[in-house]
Amino acid sequence: MDKFCIANWKMQLTIKESCQLAKELRERIDFFDQPKVVICPTATALSEVAQVIGNSSIKLGAQNMSWLERGSLTGEVSALTLQEVGAEYVILGHSERRNYLREDSMMIKDKLLLALRLGLRPVLCVGEKEEERLAGATQQVIVEQLESVWPAQQTDKIIVAYEPVWAIGTGQTVSLEQAEEVAALIKNNKGADLPVLYGGSVQPDNIGAFAQSDKLAGVLVGGASLQADSFVKIINAFI
Ligand code: PEP
């Protein structure tokens with residue numbers, strides 16, 4: 001099973017800082033026996049970061065894209081231009097976009113379909129809020145989030161990231177057992193070979209169990225991917 005370490009730099013770095021971090025990662029990441037490393041800088045840094053990583057083993061991803069290929073959508077970013085700058089992956093349905101920017105499943109489904117049609121590999125984020133977890137609705141929420149966007153074709157290109165909303169940026173994580181339980185639920189519904197990642201406050205000191213799990217295909221990392229030291233430690237836990 002391929003394993004992935006995907007860095008979501010969110011809106012935390014300038015273009016200059018993104019390039020500097022990409023350069024450090026390029027210098028420090030071994031080319032053998034490692035998980036697939038994907039870095040997702042802010043959209044305006046993609047082009048320059050692509051130059052920095054060049055033809056190294058590090059791959060480029062975007063944090064979002066529009067649901068239209070072209071159109072009158074002021075401020076949106078087209079998947080066509082993501083491809084043009086060399087992005088191969090795109091994060092879709094991140095909880096910050098669902099919750100702060102009111103992204104709904106119709107938009108996410110259209111984005112997913114477009115990404116697949118253009119050959120970008122979607123990293124679809126799903127996860128329950130704290131109140132949903134406390135109400136015992138985790139499984140129902142995850143299944144609904146999947147069902148409402150799942151396409152009929154090319155599903156083998158999709159990566160799912162299980163990211164409990166209450167664990168993102170809070171220092172709290174689910175236990176390995178809980179993450180594996182949700183991964184099993186996702187695979188039972190959508191296919192045993194589907195790569196399911198865990199995301200939510202992954203750090204060098206808690207990566208061990210997640211990295212070694214044979215039920216998880218890696219991690220999506222926010223805060224701890226913003227420094228080369230911590231992200232390299234996370235990557236090395238897979239080796
Ligand atoms: C994320 O937002 O995708 C994420 C996993 O963030 P953090 O690692 O900071 O919790």
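Laboratory data are not the source of any read-out in this text; all were calculated from the coordinates shown. As the structure is a computational prediction, the values presented were derived from the model and not from experiment. With ideal geometry, Cβ positions are generated from the backbone for all residues, glycine too; neighbour counts draw on all protein chains shown.
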Study note, to complete from the structure: In the range 1-56, the chymotrypsin sites (Phe, Trp or Tyr not before Pro) that sit in a DSSP loop and have at most 10 other Cβ atoms within 10 Å of their own Cβ are 31, 32
Check your understanding: Between the range 72-130 and the range 135-213, what's the alpha-carbon centroid distance in Å?
Key -> 17
Check your understanding: From Cα coordinates alone, what are the radius of gyration and Dmax values for the range 94-228 in angstrom?
Key -> 14.3, 39
Exercise for review: From zero up to wherever the largest Cα-Cα distance of the range 62-131 sits, split into 5 Å bins and tell me the percent of pairs in each.
Suggested key: 3, 18, 30, 25, 15, 5, 3, 1, 0
Exercise for review: Taking the Cα centre of the range 4-236 as origin, work out the dipole magnitude from +1 charges on Lys and Arg Cβ and -1 charges on Asp and Glu Cβ, in debye rounded to 20.
Suggested key: 500
Exercise for review: Please report the orientation-averaged projected area of the chain, defined via the convex hull of its C-alpha atoms, in nm².
Suggested key: 11.9
Check your understanding: residue 47 versus residue 106, label points 7 Å from Cα toward the beta carbon: distance in nm?
Key -> 3.3
Revision key, fill the gap. Only helices counted: for the chain, with every DSSP H run of 4 or more residues adding -39500 (n - 2.57) and the sum spread over all residues, [θ] at 222 nm is -11000 deg cm²/dmol
Point to revise | Cα gyration tensor of the range 1-91 - equivalent ellipsoid semi-axes, whole Å, descending | key: 24, 15, 11
**Study point:** Order of 229, 214 under a 10 Å beta carbon neighbour criterion, fewest first
**Key:** 214, 229
**Study point:** Full-extension gain in nm, residue 147 to residue 1, via 0.36 nm per residue minus C-alpha separation
**Key:** 50.1 nm
